[in-house]
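**Student:** I have a structure here, written as structure tokens, and I will follow up with some questions on it.
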Amino acid sequence: MTDLTTHAPGAKGSRLTGAALTRETVASSPDVLRPSGLLAAKGLQQFYSPPEAAELVGRVLHAGHCNAVDLTAGDGALLAQWPREQRYGIEIDADQVAAGDYHAIHGDLQRVYPLVRLTRLGFRAVVLNPPFGLTWTDIHGKSINSTLLALRYGLGVLDERGHGVLIAGRDRFAREIADQPEARGVYAVIECHDLFEGVELPCVVAFFRAPHTRSNDTPPAWRTAARAELPGLVRWVNDAHGERCDYAPAPTSRRPAYGPPTRRAPGRRLPTSTRGAAGSPPRGRPATTSPCGPGGCASR
Ligand SMILES: C[S@@+](CC[C@H](N)C(=O)[O-])C[C@H]1O[C@@H](n2cnc3c(N)ncnc32)[C@H](O)[C@@H]1O
């Protein structure tokens, strides 16, 4: 696997250097120090979103008109389309917090989230590109995959009218996420095989709303695209939204949304049903195309 640091300055990939190697980072998951495929350790999985993905996400999620949060923000690549004043993030690696230009909480999402949840903050834009393949611990002490927990926590801070996006490994998404209740609000999925330069891992960019805003059980729209095509897919994503979700007025603020994000009304819960609406890749897809087995080379 190519060392991503040549493409995204600051991104350490799976390398545990600098502030990526602290008591806190090692304690954040039993997988951080665990070897994986050709890698010496899974590390913190610092693979940063390319500008093409950030552009699409910014345009669909109304960058410039609302506050946005990234629960594992890295250097802030996925928040790049929002003005600085509107960017919020949580990040465990102090080097990334220092490199990023966003309002940051430095810490382990698993430890920070209960406090964030208590404040009942609601963001109109929630962007997620978490470590794909780490074992994390949920609020009840149960082991859970990091992608699924990030999505669950993302929904926990999503405003009623808000939009979200989750970047994930395609096979993991199909295997472990798509049929979960958390994924019921997913309305459009773009499968992208060259999303992360130098990483052989088919990924998905999945757009979602809060599950209860889905207006029908139609599976999400699903298509493939090359990374370079992503900025041109705004209309496709918006059409998929219109066909599957309740209308949500776009945020209208022309000025940066200074100040705290909105507070959500208490009492909203995730559905308990396990019916899946997020769909799966069309039948007959290979389980994995990565030479390193399920989950891909980076086992994200
Ligand atoms: C795949 S990168 C994505 C960064 C950014 N969201 C983007 O799209 O460019 C995942 C980030 O999560 C951070 N991370 C890993 N474990 C974490 C944890 N337990 N709490 C908070 N951040 C974590 C890593 O340091 C890394 O910067």
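The values are calculated or read from the model by the stated rules, or taken from the named source; none is laboratory data. Because the structure is predicted, anything quoted here is derived from the model rather than measured. Cβ: placed from backbone, ideal geometry, glycine included. Neighbour counts: every protein chain shown. Ligands, DNA and RNA are stripped out before the accessible areas are found, and what is left, the full protein with its side chains, is counted by its heavy atoms. Shrake-Rupley method; radii C 1.70, N 1.55, O 1.52, S 1.80 Å.
**Student:** Modelled label-to-label distance, V234 and I139, 7 Å Cα→beta-carbon offset: nm?
**Tutor:** Each label point lies 7 Å from its Cα, and together they span 3.5 nm.
**Student:** Run the quick spin-label model on H212 and R34: label points 7 Å from Cα toward the beta carbon, then report their separation in nm to one decimal.
**Tutor:** 3.6 nm
**Student:** Across the range 82-175, how large is the tail of the calculated P(r) beyond 16 Å, expressed as a percent of all Cα pairs?
**Tutor:** Working: 2565 of 4371 pairs.
More than 16 Å apart: 59 percent of the Cα pairs in the range 82-175.
**Student:** When the convex hull of the Cα atoms of the range 46-257 is projected onto a plane and the area is averaged over all directions, what value comes out in nm²? Spell out each step's value before the answer.
**Tutor:** Working: hull surface 42.9 nm².
Mean projected area of the Cα convex hull: 10.7 nm².
**Student:** Okay, moving on. Between H103 and T252, what is the label-point separation in nm under the 7 Å Cα-to-beta-carbon projection?
**Tutor:** Once both label points are built, they end up 2.3 nm from each other.
**Student:** Further, regarding this structure: Ranked from the most accessible area to the least, with a 1.4 Å probe and all protein chains present, what is the order of E160, E91, E243, E52? Display every interim value, and only then the final one.
**Tutor:** Working: E160 90, E91 15, E243 110, E52 55 Å².
Correct descending sequence by accessible area is E243, E160, E52, E91.
**Student:** If you don't mind, there's one more thing I want to ask. After finding the eigenvalues of the alpha carbon gyration tensor for the range 27-99, what semi-axes result from the square roots of 5 times each, listed largest first in whole Å? Before the final figure, lay out each step's value.
**Tutor:** Working: eigenvalues 154, 37, 16 Å².
Semi-axis lengths for the range 27-99 are 28, 14, 9 Å.
**Student:** Ranked from the most accessible area to the least, with a 1.4 Å probe and all protein chains present, what is the order of Y48, Y153?
**Tutor:** Highest to lowest solvent-accessible surface, that is Y48, Y153.
**Student:** Sticking with this structure for a sec: If packing is taken as the average number of other Cβ atoms within 10 Å across a peptide's residues, how do 207-220, 123-136 rank, most packed first?
**Tutor:** Working: 207-220: 18.6, 123-136: 25.6.
Highest-to-lowest ranking by the protection proxy: 123-136, 207-220.
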